[in-house]
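Notes follow the structure.
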Amino acid sequence: MTQEDQLIADIAYCIDDLELNDEQIGIYLRGAEELGVSCRYMAEEFVFVSETQEEFHRLHVDPDYLKIDWRLN
């Protein structure tokens, strides 16, 4: 698949499946591009719905969540 074909598929996925608006599509496309993956892959592997505000903040905002300590103690 060419880059152009992938971009068309990603935009179609954002519109048809995720029902994003133009601004959201731009943000989503940039995020997928930074990760080097398709929009569909990013949605299936990295995006999930949090049950509560606390869970959202813990998983998405807390800088210490999943922080890796590389020291060998």
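The values are calculated or read from the model by the stated rules, or taken from the named source; none is laboratory data. All figures in this text were calculated on a predicted structure; none of them were measured in a lab. Glycine also receives a Cβ, built like all others from the backbone with ideal geometry; neighbour counts cover every protein chain displayed. All accessible areas refer to the heavy atoms of the entire protein, side chains included, with ligands and DNA or RNA removed. Shrake-Rupley method; radii C 1.70, N 1.55, O 1.52, S 1.80 Å.
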Residue 28: of a type in the set (Ser, Thr, Tyr) and open to solvent by less than 50 Å² (accessible area, probe 1.4 Å), yes or no?
yes
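Confirm whether residue 36 is of a type in the set (Gly, Ala, Ser) and at positive phi.
Yes.
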Could you tell me whether region 59-68 includes any residue that is surrounded by 10 or more Cβ atoms within 10 Å (Cβ to Cβ) and aliphatic (A, V, I, L, M)?
yes
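Matching residues to (1) in contact (Cβ under 8 Å) with a residue 12 or more places away in the chain; (2) under 10 Å from the mean Cα position of the chain (by Cα); (3) not in a loop (DSSP other than H, G, I, E, B):
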{"site": "5", "(1), (2), (3)": "no, no, yes"}
{"site": "8", "(1), (2), (3)": "no, no, yes"}
{"site": "19", "(1), (2), (3)": "no, no, no"}
{"site": "26", "(1), (2), (3)": "no, no, yes"}
{"site": "30", "(1), (2), (3)": "no, yes, yes"}
{"site": "65", "(1), (2), (3)": "no, no, no"}
What are the residues in region 39-57 that are assigned to a helix (DSSP H, G or I) and either among the small types (Gly, Ala, Ser) or touching a His at 6+ places or on another chain (Cβ under 8 Å) (or both), if any?
43
What pairs can you find where one residue is in region 36-48 and without any contact (Cβ under 8 Å) to a residue 12 or more places away in the chain, the other is part of a helix (DSSP H, G or I) and open to solvent by 70 Å² or more (accessible area, probe 1.4 Å), and their Cβ atoms are less than 8 Å apart, with a gap of 6+ or different chains?
37/45; 46/35
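Is there a residue being basic (Lys, Arg) and within 17 Å of the chain's Cα centre (by Cα) anywhere in region 37-49?
Yes, that holds for at least one residue.
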